[in-house]
Amino acid sequence: MTRFSFQIHATSGKARTGTIQMKRGEIRTPAFMPVGTAATVKAMKVEDVRRTGADIILGNTYHLMLRPGAERMARLGGLHAFMGWDRPILTDSGGYQVMSLSDLRKITEEGVTFASHLDGSRHMLSPERSMEIQRLLGSDIVMAFDECPRADQPRDVIARSMEMSMRWARRSRAGFDSGEEHAARSALFGIQQGALDEGLRQASADALRDIGFDGYAIGGLAVGEGQEAMFATLDFAPSQLPADRPRYLMGVGKPDDLVGAVERGVDMFDCVLPTRSGRNGQGFTWNGPINMRNARHAEDTGPLDPRCTCPVCAKYSRAYLHHLHKAGEMLGAMLLTEHNLSFYQQLMAGMRAAIAEDRFTAFAADFRRDYFNRE
Ligand SMILES: [Zn+2]
């Protein structure tokens, strides 16, 4: 079995569909990766995650290094054995969550020192330590360690941050490659930075291409810039990256974000939205998001989404889901999470089929008409 390969089967405009082959299984693209922050996709058993159609899930280095700890995870046989998921896992580098969650950060050329948001204990992350932690977790797709600055900062601040991230990308490559047995069965992705600036994005893409990675992520988006600015950046950013490698847009997004990004040449996504929304009473449907707590569902005996093929929509009514969420029953979170993850995978499958038949433009137009209730 190959360590890592990416085959593009068909294109439709800039949209691509293909398959990533890895030792733990194949990943159909465009792919959506459910987020398993703390060694669990919240409210879901792993067998149910797989049943939604997920080929790969994401684990968070920052959370797992703090609890239960990377060395403990390695002693327990790695993340796959620990949580019972035997297919590919992508781990992030920890950099983004150090910036967003931890206290008392200090960033130097060496790396980042920070205080845990759990107990205030002091920790350090560097490119080398991030690679070591992701190796101890047993990650299949390892992400380079980078800094993700806010997009609204001055260009020179964004430029200096991007240049340091490119030096960290080279150190990440060296750290990953020193992993011997782990490096021989897993893959390393670099992360393009440069916020909304086309020139900086190009410089970042050139630097990453010089180092060489199995896949390339587009970082620094979906951090509050808005969909219009994100799409404007995606009009040029994906094509700056090698065409024969997977392109991964980190932390995205809403269903309409996914369709617009695939339309612009993105192959992989992750986001907490379907799981977090499922716990908060928001369900995604082909006719847009709906709030299950709304009183209009109280006596609705129909399914959450009549077009959805998931087990929740086959069996349970909107009235029951409404009741569970109003009563704060944990089954409400479980059922809505399962539906939302299934809906996201049905959306990805729909996009893959449309690209394979070269009718993606029509698929996207139909999707937007229904999702935004446009006639
Ligand atoms: Zn459903």
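Coordinate-derived values only; no laboratory data. Predicted model only: the values in this text are computed from it and were never measured. Positions of Cβ are generated from backbone atoms using ideal geometry, with glycine treated the same way; all protein chains shown enter the neighbour counts.
Averaged over residues, the count of other Cβ atoms within 10 Å places the peptides 132-145, 68-81 in the sequence 132-145, 68-81, highest first. Among the Cys residues of the chain, which have no other cysteine Cβ under 4.7 angstrom away? Here Cys148, Cys271, Cys310 come out as lacking a disulfide-compatible partner, given the Cβ-Cβ threshold of under 4.7 Å. For the range 169-209, the set of GluC sites (Glu not before Pro) satisfying both a DSSP loop assignment and a count of at most 16 other C-beta atoms within 10 Å is given as Glu180, Glu181.
Comparing Ala15, Leu137, Gly69 along the charge dipole axis of the range 1-147, the residue lying farthest to the positive side is Ala15, per the Cβ-charge model. Here's the picture: charge each Lys and Arg Cβ at +1 and each Asp and Glu Cβ at -1 in the range 164-242, and of Phe236, Met166, Gly199 the one pushed furthest to the positive end of that dipole is Met166. Give the relative contact order (percent, whole number) for the chain; include only Cα pairs under 8 Å separated by 6+ residues. Relative contact order comes out at 18 percent.
DSSP assigns beta bridges within the range 205-349; of those with both partners inside it, close to 45 percent run antiparallel.
Annotation for Ala229 and Arg150: the two label points, set 7 Å from Cα along the Cα-Cβ direction, are 1.1 nm apart. Amide H contacts of Gly18 (H built 1.01 Å from N, in plane; Pro and chain starts excluded): His9, Thr29 sit under 5 Å, all sequence-distant by 5 or more or on other chains. Here the spin labels are modelled as points 7 Å beyond Cα on the Cα-Cβ line, and at Arg67 and Val272 they lie 1.4 nm apart.
What percent antiparallel are the DSSP beta bridges of the chain, to the nearest 5?
On the way: 24 of 47 bridges.
Percentage antiparallel, nearest 5: 50.
Dipole magnitude for the chain: about 700 debye, using +1 per Lys or Arg Cβ and -1 per Asp or Glu Cβ, origin at the Cα centre.
Please compute the contact order of the range 232-364 in relative form: average sequence separation of alpha-carbon pairs under 8 Å and at least six residues apart, divided by the residue count, as a percent. RCO, the range 232-364: 22 percent. Sorting the segments 82-94, 331-343, 156-168 by their residues' average number of neighbouring beta-carbon atoms within 10 angstrom, most packed first, yields 331-343, 82-94, 156-168.
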